[in-house]
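Engineer: Below you'll find the structure I mean.
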Amino acid sequence: MTSWRSLLKNRTFSFINITGLAIGMTCCIVITLFVLFELNYDRHNKHADRIYRSVVDLEANNWAISAFPLGALLQENFPEVEGYTRIKPIEPFLVNESTNTRIKQKIFYADSSVFDILDIELIEGNPATALAKANTMVLTEERARAFFGNEDPIGKSLVISGQGSAYEITGIFKPLPSNSHVHMDVMASSLSFAPMRADFENGWNQLTNHYTYFRMQETIDHEAFGEKASTFLDEYHELTPDDPRNVIRFQPLTSIHLTSNRGLEIEANGNVNTIYIFSAIAFFILLIACINFMNLSTAQSLKRAKEVGIRKVVGSNKSQLVFQFLSESIVVSLVALAISIGLIMLIIPKFNELSGKQLIINPMENLEVVAVFLTITIFSGFVAGTYPAFFISSFQPVKVLKGTYLGKSAGQLLRKGLVVLQFAIAFVIIVGTYVVNSQLNFMLNKNMGFDREQVLVLRMPNDSIGDVTIKNELATIAGVKSVTRFNEMPGRMVNTSTIWYEGAETDQGENIYLFSGDVDLLETLNMTLLEGKYFNEETQQFYREFVINEKAVEHYGWKMEESVGKLMNFGQRGEDPGVVIGVVKDFHFKHLHEQIDPLVMYLAPQYEGRFMALKINSGDMSE
């Protein structure tokens with residue numbers, strides 16, 4: 001009660017202290033909740049610390065994928081492997097033929113073991129049998145309503161466009177948490193996808209966006225096991241000394257989101273450095289608020305000097321005074337927390353909307369919220385109140401009551417030091433904000449080597465319509481200047497393959513990046529042709545003509561003016577190799593933080609299920 005009366009007596013002082021502390025606590029709590037959300041990715045799995053994803057290192061890049069037969073082979077030959085599951089995403093149209101409902105849907109082919117390895121809970125259906133047969137499918141309640149309304153979906157069927165086969169709905173499952181590195185709404189049995197079946201003969205060569213997860217023994221050293229598995233695969237495939245080695249690695253499930261940055265990641269991942277930076281920012285923002293509290297409290301010390309003197313005269317000892325001033329600080333922190341909770345309730349929904357995260361502040365759903373609130377409140381109260389409590393309680397009653405107390409020079413020096421520290425931290429945060437803003441401006445305005453302005457990118461359907469038909473229809477729309485199709489979006493990771501080139505030491509190819517865009521690519525994206533010509537509608541030499549970038553010319557040791565006409569071929573030399581017809585100016589076909597590598601471009605016969613870009617004349621992109 002004494003603490004509360006003191007706060008009411010000095011209303012202006014209390015208001016400034018509480019407001020400053022509340023704002024600091026709000027920022028700190030929101031950032032802390034975000035950091036905890038990121039650190040808890042995939043920890044909903046009961047065996048999270050024993051689950052690993054297999055990935056592969058190739059000559060040109062490191063990939064997050066694996067070959068289809070890998071899981072079964074390793075489980076058969078290594079006792080360390082207790083179980084595995086595989087998932088393979090596709091994005092076709094999914095159709096309910098009885099209601100003519102047709103929706104573009106990401107579907108994951110999955111082994112029946114997915115319910116055990118990735119802890120996916122079935123609301124309806126049996127996890128042992130739900131995906132145990134071909135042409136079976138499970139989906140979330142939300143997707144079930146989209147296709148079947150309020151009807152019971154179990155036993156009904158959906159059709160994947162282009163396949164014709166009906167998939168029986170055998171289960172309804174709970175969606176994976178927001179902080180999972182993969183999110184699945186529809187899963188189909190892996191037995192329905194030929195390359196994932198055990199009897200498929202060419203599975204090792206089907207290296208697509210396919211992911212394998214293993215549950216290992218508790219004591220396993222995953223790095224050592226990766227080396228052992230790689231050596232085993234070399235022997236299994238009977239590689240010669242001249243063949244490139246297998247490099248298989250195993251990533252802990254709980255580290256994928258923050259530490260994995262490989263090609264063909266299943267979803268966009270975070271970055272552990274972001275966690276370090278945000279944690280530091282949260283700490284320093286709270287520290288600034290606490291320093292502000294200390295300075296204001298010690299600045300008020302002369303007003304409270306007589307109170308301390310009288311209390312000491314009537315018998316109060318130093319520990320009692322310290323307790324009183326610390327309790328005042330804790331009361332201020334609790335009041336600041338109440339205000340902070342109100343601000344957080346307003347901020348979190350917008351934060352979730354902007355970040356795509358799902359931070360939960362309901363203590364009934366997220367017990368960590370209580371721990372965060374209490375920890376930050378107690379920390380703030382003690383840090384902000386400790387120095388003022390010991391400083392004010394140390395006043396000598398004789399000097400105070402005589403009016404001769406002017407404050408110690410050491411105390412004044414400390415206050416000045418705290419002010420300097422406060423401004424220094426604020427300056428560092430401001431400079432950091434400027435640097436981040438500069439980085440964002442750099443990424444937005446960097447010359448990528450192709451024109452991104454007024455270009456609309458669409459995902460192509462994978463069905464019977466035909467990509468050429470769609471392209472021709474879109475080209476007739478008013479305001480569309482040109483249209484092009486390509487297999488991977490420029491600025492993101494692209495595919496690799498082995499390419500033989502004239503001048504190579506052997507007839508075997510080497511791994512290099514590939515990109516395929518149709519005859520209108522250069523015009524639509526405004527790329528620069530340096531030598532030769534680009535692909536022509538009339539010739540259409542699929543997989544036989546090649547256009548390379550400047551880095552490839554340098555990599556192959558050719559002269560720019562002599563590069564056109566050089567021989568090149570997929571895989572190995574062959575009896576009738578293809579030819580280089582042109583050289584384009586280097587462009588960023590991967591992420592901007594990666595260097596530009598050698599690139600070979602070719603013409604494919606079709607681009608169904610890939611991408612299409614429209615160069616727009618109109619200033620109204622939404623129209």
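The values are calculated or read from the model by the stated rules, or taken from the named source; none is laboratory data. The shown structure was predicted, so the numbers you read here are calculated from the model rather than taken from an experiment. Here the Cβ is made from the backbone with ideal geometry for all residues, glycine too, and neighbour counts use every protein chain on show. Areas reflect the complete protein model, heavy atoms only, side chains present, ligands, DNA and RNA absent. Shrake-Rupley method; radii C 1.70, N 1.55, O 1.52, S 1.80 Å.
Engineer: Using Cα positions and a limit of under 18 Å, work out the aspartates and glutamates in reach of LYS533, with same-chain residues fewer than 8 apart set aside.
Structural biologist: Partners found: ASP518, ASP520, GLU523, GLU545, GLU550, GLU561, GLU562, ASP586.
Engineer: Then there is this: Relative contact order for the chain using alpha-carbon pairs under 8 Å, separation at least 6, rounded to a whole percent?
Structural biologist: Relative contact order for the chain comes out at 15 percent.
Engineer: Please work out how much length the chain gains when fully extended from GLU505 to VAL480, using 0.36 nm per residue of separation minus the C-alpha to C-alpha distance, in nm with one decimal.
Structural biologist: Contour length minus the Cα-Cα distance gives 4.3 nm.
Engineer: Additional query: Using 1/(1 + (r/R0)^6) with R0 = 60 angstrom and r between the beta carbons of LYS106 and LEU530, what's the FRET efficiency to the nearest 0.05?
Structural biologist: So, using R0 = 60 Å, E works out to roughly 0.95.
Engineer: Assuming 1.567 mPa s and 4 °C, estimate D for the stretch 14-171 with Stokes-Einstein, Rh taken as the Kirkwood radius over Cα pairs, in µm²/s.
Structural biologist: 67
Engineer: Once you charge only the Cβ atoms, +1 for Lys and Arg and -1 for Asp and Glu, what is the size of the charge dipole of the chain about its Cα centre, to the nearest 20 debye?
Structural biologist: Value, rounded to 20: 5580 debye.
Engineer: Please turn the phi angles of the stretch 533-548 into ³J(HN,Hα) values with the Karplus equation 6.51 cos²θ - 1.76 cosθ + 1.60 (θ = phi - 60°), one per residue in order, whole Hz, x for glycine and proline.
Structural biologist: With the stated coefficients, the stretch 533-548 comes to 9, 9, 4, 10, 4, 7, 7, 6, 7, 4, 6, 10, 10, 9, 10, 10 Hz.
Engineer: Which Rg and Dmax, in Å, describe the Cα atoms of the stretch 552-623?
Structural biologist: For the stretch 552-623, the Cα-based Rg and Dmax read 16.9, 52 Å.
Engineer: Moving on. Under 5 Å between amide H atoms, partner at least 5 residues away or on a different chain: which partners does ILE65 have, H built in plane at 1.01 Å?
Structural biologist: VAL56
Engineer: Okay, moving on. What translational diffusion coefficient, in µm²/s and rounded to a whole number, does the Stokes-Einstein relation yield for the stretch 452-585 at 4 °C and a viscosity of 1.567 mPa s, taking the hydrodynamic radius as the Kirkwood radius over Cα pairs?
Structural biologist: Calculated translational D: 79 µm²/s.
Engineer: Would you tally the net charge around THR524, using a Cβ to Cβ cut-off of less than 10 Å, leaving THR524 out, and scoring K and R as +1, D and E as -1?
Structural biologist: Neighbour charge sum, excluding THR524 itself: -1.
Engineer: As I understand it, the dipole of the stretch 39-115 uses +1 on the Cβ of Lys and Arg and -1 on the Cβ of Asp and Glu, about the Cα centre. Which of ILE87, SER98, TYR52 lies farthest toward its positive end?
Structural biologist: Of ILE87, SER98, TYR52, it is SER98.
Engineer: Quick check for you: with a 1.4 Å probe and neighbouring chains kept, what is the accessible area per residue of the stretch 506-602, in Å²?
Structural biologist: Computed with neighbouring chains in place, this is 47 Å² per residue.
Engineer: How large, in Å, is the chain by the Kirkwood hydrodynamic radius built from its alpha-carbon pairs?
Structural biologist: 29.5
Engineer: Over the chain, with every protein chain in place, what whole percent of the accessible area is carbon and sulfur at 1.4 Å, could you tell me?
Structural biologist: Summing carbon and sulfur atoms, their accessible area is 55 percent of the total for the chain.
Engineer: What is the stretch 424-513 by shape, rounded, prolate or oblate, if you read a ≥ b ≥ c off the alpha carbon gyration tensor as root eigenvalues and call it rounded for a/c under 1.5, prolate for a/b larger than b/c, and oblate otherwise?
Structural biologist: It comes out oblate by the Cα gyration axes.
Engineer: Another one. Per residue, how much space in cubic angstrom lies within the convex hull of the C-alpha atoms of the stretch 477-525?
Structural biologist: About 101 Å³ per residue, rounded to a whole number.
Engineer: Also: Would you mind classifying the stretch 517-558 by shape? Square roots of the alpha carbon gyration tensor eigenvalues, ordered a ≥ b ≥ c; an a/c under 1.5 is rounded, otherwise it is prolate if a/b is larger than b/c and oblate if not.
Structural biologist: Because a/c hits 1.5 or more and a/b fails to exceed b/c, the stretch 517-558 counts as oblate.
Engineer: ³J(HN,Hα) across the stretch 222-233 via Karplus (A = 6.51, B = -1.76, C = 1.60, θ = phi - 60°), whole Hz, x for Gly/Pro?
Structural biologist: Karplus values, whole Hz, x for Gly and Pro: 5, 5, 5, 5, x, 5, 5, 5, 5, 4, 4, 5.
Engineer: Let me ask something else about it. Could you tell me which of rounded, prolate or oblate describes the stretch 124-271, using a ≥ b ≥ c as the square roots of the eigenvalues of the alpha-carbon gyration tensor, with rounded for a/c under 1.5 and, failing that, prolate when a/b is larger than b/c and oblate otherwise?
Structural biologist: prolate
Engineer: Compute the longest continuous run of the chain that contains no exposed chymotrypsin sites (Phe, Trp or Tyr not before Pro); treat a site as exposed when its DSSP state is not H, G, I, E or B and it has at most 14 other Cβ atoms within 10 Å.
Structural biologist: Free of exposed loop sites, the longest segment is 201-541.
Engineer: Round to a whole angstrom and tell me the spacing of the C-alpha centers of the stretch 93-119 and the stretch 248-263.
Structural biologist: For the stretch 93-119 versus the stretch 248-263, the Cα centre distance is 25 Å.
Engineer: Oh, and also: Which of the GluC sites (Glu not before Pro) found in the stretch 93-155 are loop residues per DSSP with 14 or fewer other Cβ atoms within 10 Å of their Cβ?
Structural biologist: GLU97, GLU121, GLU151
Engineer: So what is the calculated 222 nm ellipticity per residue for the chain, using -39500 (n - 2.57) for each DSSP H run with n of 4 or more, over all residues, to the nearest 500 deg cm²/dmol?
Structural biologist: Value at 222 nm, helices only, nearest 500: -13000 deg cm²/dmol.
Engineer: Can you give me the accessible area per residue for the stretch 1-142, using a 1.4 Å probe, in Å²?
Structural biologist: Accessible area per residue, the stretch 1-142: 42 Å².
Engineer: Roughly how far apart, in whole Å, are the Cα centres of the stretch 137-194 and the stretch 425-451?
Structural biologist: Centre-to-centre distance over Cα atoms comes out at 42 Å.
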